[in-house]
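This report refers to the structure that appears directly beneath it.
The values are calculated or read from the model by the stated rules, or taken from the named source; none is laboratory data. None of these values were measured; they are calculated from a predicted model. Cβ coordinates were reconstructed from backbone atoms using ideal geometry, including for glycine residues, and neighbour counts include every protein chain displayed. Heads up: the accessible areas ignore ligands, DNA and RNA and are worked out on the full protein's heavy atoms, side chains in. Shrake-Rupley method; radii C 1.70, N 1.55, O 1.52, S 1.80 Å.
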Amino acid sequence: KDKLTYLPEGLQESLITASGLFKFATDFFKELFKKPYEFKETLNQAYRLGYGSLLLVGVSSFIMGIVFTLQTRPTLLEFGAESYIPAMVSVAIIREIGPVITGMICAGKVGSGIGADLGSMKVTEQIDAMAVSGTNPFKYIVVTRVLAMTLALPILVFYADFVGLIGSYLGANVGGNISVQLFFIQSIEAISFMDVVPATVKSFFFGFAIALVGCYKGYTTRNGTVGVGMSANSAVVVASLLVFLIDLVAVQVTQFFY
């Protein structure tokens, strides 16, 4: 950090965070394939982080489905294209709304939770105690959480897509009359292989980035209990930014395949 003193403070912190996250990711992949494999703890974290986010993700996706349909309907009515509502909404939800909304919710809930959890363990010296007792704290604490969130977030995205489409159906029936069967037939017919795969792939990266940032911020917490709150807050900010950056890159890469 002393070598960066000539740079603005904000840029210094950004570079330090970027380098720290890169090293953290490198250590993750090094430890991932080493024994012992903490399957039980990984499943426990997947349940805590994934299942614990179901309600918030479901409610948010349901509301977004309704709102998005209600907002787009007047415009489509002007062009006499009301019948395209199911197709347009389904593509938008599958491609972008579902993954990004789920990623942002998890960045706030999971990212802050992991940051606060590991931060508390750091300042109370529980991590040091694990190392002294012969346990690999990085593998048991970090690898399990990152792996669990990487695998859990795509499942949450599929769940969010389904709930969002239900909300969209209800929104479409606020001022119209379309059957459930017709709505979902038109929705499914509009979705292609290249809509589902990129959205699924980038959701893996969302989960990885969110958990990695939360673990990094918590694992490097300093300044006692005050630092715990700062780590949790910083984890949310950085994870949210990474979700948008990953989404931007994913959209640009996907354009080559259309």
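Summing charges over all other residues whose Cβ lies under 12 Å from the Cβ of P154, with Lys and Arg as +1 and Asp and Glu as -1, gives 0. Per residue, region 1-104 exposes 63 Å² of solvent-accessible protein surface, assessed with a 1.4 angstrom probe and all protein chains in place. Solvent exposure of region 169-258 amounts to 54 Å² per residue of accessible area, where only protein heavy atoms count and the probe is 1.4 Å. Taking all protein chains in place and a 1.4 Å probe, what share, in percent, of the accessible surface of the chain do carbon and sulfur account for? Ligands and nucleic acids excluded, carbon and sulfur give 69 percent.
Largest GNM mean-square fluctuation among V197, V213, V236, using the chain with Cα springs under 10 Å: V197. Would you mind checking K34/K139; K35/K139; K30/K109 for any pair whose Cα atoms are more than 20 angstrom apart? Violating the 20 Å limit, Cα to Cα: K30/K109.
Once the piece of chain linking Y47 and K34 is laid out straight, how much longer is it, given 0.36 nm per residue of separation minus the C-alpha distance between them?
Details: separation 13, 0.36 × 13 = 4.68 nm, distance 2.30 nm.
Contour length minus the Cα-Cα distance gives 2.4 nm.
For V251, the shell of other residues with beta-carbons less than 15 Å away shows a net charge of -1, using +1 for Lys and Arg and -1 for Asp and Glu. Model label points for V201 and S19, set 7 angstrom from Cα along the Cα-to-Cβ axis, are 3.2 nm apart.
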